[in-house]
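In what follows, a single structure is set out as structure tokens and then discussed.
The values are calculated or read from the model by the stated rules, or taken from the named source; none is laboratory data. Please read these numbers as outputs of a predicted model, since none were measured by experiment. FYI the Cβ positions are ideal-geometry reconstructions off the backbone, even for glycines, and counts take in every protein chain you see. When the accessible area is computed, the model is the full protein with side chains, heavy atoms only, and any ligands, DNA or RNA have been set aside. Shrake-Rupley method; radii C 1.70, N 1.55, O 1.52, S 1.80 Å.
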Amino acid sequence: SMDNFPVLAANGFCNTLWVGYYGLINKCNTTIKEVNTNTQITATDAIKQQTIGEARFLRAYGYFWLTRLFGRVPLIDTVFSDPAAQNNVPQSSTAQLYTFIENDLNFAANTLPLSWDAKFVGRATRGAALGMLAKVYLYQQKWQQAMDAAGQVINSGQYDLSTPFDKIFREEGENSKESVFEVQATA
């Protein structure tokens with residue numbers, strides 16, 4: 001059914017994507033709420049903003065995929081005190097969703113570092129936020145903004161195309177200088 005597009009609501013693959021991305025978004029919303037309201041967190045303001053930047057990057061990532069896959073989806077940017085209330089959130093237009101995604105990615109780009117220490121491989125960076133922002137702009141045909149965001153990634157000095165082609169898609173090519181953002185996984 002995926003090849004011919006008559007995908008039904010009972011399709012397990014679609015349901016898994018929907019539940020997975022909204023699960024990610026819920027975790028990001030929870031993180032943002034906790035950082036903003038939990039008085040027992042003893043981190044500096046800079047670390048708190050960086051944490052919110054990472055959460056907003058991942059939330060934008062989830063919404064970008066949901067928008068690409070399903071089009072109009074509910075925009076949930078808070079944690080509901082009554083979980084059943086989130087079942088009645090109306091769909092947002094793709095324009096509203098892309099504006100929200102852009103705002104999250106711009107926030108992330110302004111709060112995340114250019115790079116992380118090697119022990120934090122896979123964490124979102126300014127380049128990852130700007131790279132995804134460029135892609136979001138491309139999907140909306142905002143050519144100049146896409147070029148500007150991509151230009152910031154290119155000119156950051158953090159990335160290049162030097163990894164040999166026969167290694168880039170193998171384990172030895174993981175997290176190379178060509179990788180702007182890579183989801184970490186185990187074999």
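Summary of values
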| item | result |
| --- | --- |
| Phi to ³J(HN,Hα) by Karplus 6.51 cos²θ - 1.76 cosθ + 1.60 over region 93-107, Hz, x for Gly, Pro | 6, 5, 4, 5, 5, 5, 4, 4, 4, 4, 4, 4, 5, 5, 4 |
| Val183 accessible area, assembled protein chains, probe 1.4 Å, Å² | 100 Å² |
| Partner lysines for Lys33 [C-alpha distance under 20 Å; skip if fewer than 8 residues away on the same chain] | Lys48 |
| Helix-only mean residue ellipticity at 222 nm for the chain, each DSSP H run of n ≥ 4 adding -39500 (n - 2.57), per residue, nearest 500 | -18000 deg cm²/dmol |
| In Å², nearest 10: area of Arg68 left accessible to a 1.4 Å probe | 80 Å² |
| Segment Gln86-Gln184, extension gain: residue separation times 0.36 nm, minus the distance between their alpha carbons | 32.3 nm |
| By average C-beta atoms within 10 angstrom, highest first, the peptides 114-124, 144-154 | 144-154, 114-124 |
| Spacing of the two label points (7 Å from each Cα toward its C-beta) at Ile41 and Asn106, in nm | 2.3 nm |
| Rounded Å value of the spacing that divides the Cα centres of region 53-114 and region 119-178 | 21 Å |
| Computed over the chain: relative contact order in percent, which uses C-alpha pairs under 8 Å that are six or more apart | 16 percent |
| Positive minus negative residues near Ile32 (Lys, Arg vs Asp, Glu; Cβ under 9 Å) | +1 |
| Straight-distance crosslink candidates among aspartates and glutamates, where the alpha carbon sits under 20 Å from Lys119 and sequence neighbours closer than 8 are dropped | Glu54, Glu171, Glu172, Glu174, Glu178, Glu182 |
| Tensor-based shape of the chain (alpha-carbon gyration tensor, a/c under 1.5 rounded, otherwise prolate or oblate) | oblate |
